[in-house]
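The structure under discussion appears below in the form of structure tokens.
The values are calculated or read from the model by the stated rules, or taken from the named source; none is laboratory data. Because the structure is a prediction, the values reported are computed rather than measured. FYI the Cβ positions are ideal-geometry reconstructions off the backbone, even for glycines, and counts take in every protein chain you see. Areas reflect the complete protein model, heavy atoms only, side chains present, ligands, DNA and RNA absent. Shrake-Rupley method; radii C 1.70, N 1.55, O 1.52, S 1.80 Å.
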Amino acid sequence: MKVQTKVFMARDLSLALDAASRRMRRSKSEIVQAAVAAYLSPDGEEMAEAAITRRLDRITREMERLARDVTISNEAIALFVKAWLTATPTLSGGDQKAQNAKGHERYVGFLEALSRRLASGRLLRGEILEEADGDEQ
């Protein structure tokens, strides 16, 4: 059995209810009844808290995966750069040591340049975007 109830609400809230009714293709009574039931539900707060907790847990897992992926990417790039800068073609015995020393010098130079770049706050993606904008013009 349904009982008719008269309520007063702010004009903007009434307009929002009208819009929601049209958008959801539900009667205003259905929407208000569901809202009041949810508001008066004794476990409504617990359900909301559980939903927020689930979302936070999901976000935490995603952040952990991202951190892992970034660490893997960083290590892969670091290994590639180190191998690329230190690898030299096989030469005669005396030349090999000189080439290895030169490779080590290049790697140390790379690390210093990377440190300066990170300290300056200027990132490669910014340069790429600037270059792409310059190429389009």
Rounded D (µm²/s) - the chain, Kirkwood Rh over Cα pairs, Stokes-Einstein at 4 °C, 1.567 mPa s: 57 µm²/s
Taking a probe of 1.4 Å, how large is the accessible area per residue of region 1-46, in Å²? 98 Å²
On the accessible surface of the chain, probed at 1.4 Å with all protein chains in place, carbon and sulfur together account for a percent value of 59 percent
How far, in degrees from 0 to 90, does helix 28-40 lean away from the longest principal axis of the Cα atoms of the chain, to the nearest 10? 70 degrees
For region 1-101, run through the chymotrypsin sites (Phe, Trp or Tyr not before Pro) and keep only the ones in DSSP coil with at most 16 other Cβ atoms within 10 Å of their Cβ. Phe8
With a/c under 1.5 counting as rounded, go ahead and sort region 8-63 into rounded, prolate or oblate using the C-alpha gyration tensor (a ≥ b ≥ c being the square roots of the eigenvalues; past the cut-off, prolate if a/b is larger than b/c, else oblate). prolate
Mind giving me the FRET efficiency for Arg54 and Lys28? R0 is 41 Å, r the Cβ-Cβ distance, nearest 0.05 is fine. 0.85
How far is helix 124-136 tilted, in degrees, relative to the longest principal axis of the Cα atoms in the chain, given as a value from 0 to 90 rounded to the nearest 10? 90 degrees
Roughly how many nanometres apart are two label points built 7 Å out from the Cα toward the Cβ at Leu13 and Glu105? 7.7 nm
So what's the back-of-envelope 222 nm ellipticity for the chain, counting only DSSP H runs of four-plus at -39500 (n - 2.57) apiece and dividing by all residues, rounded to 500? -28500 deg cm²/dmol
Between Ser41 and Met63, what is the FRET efficiency for a Förster distance of 35 Å, r being their Cβ-Cβ separation, to the nearest 0.05? 0.65
Working from Cα positions, state the angle (0 to 90°, nearest 10) between the long axis of helix 11-24 and the longest principal axis of the chain. 80 degrees
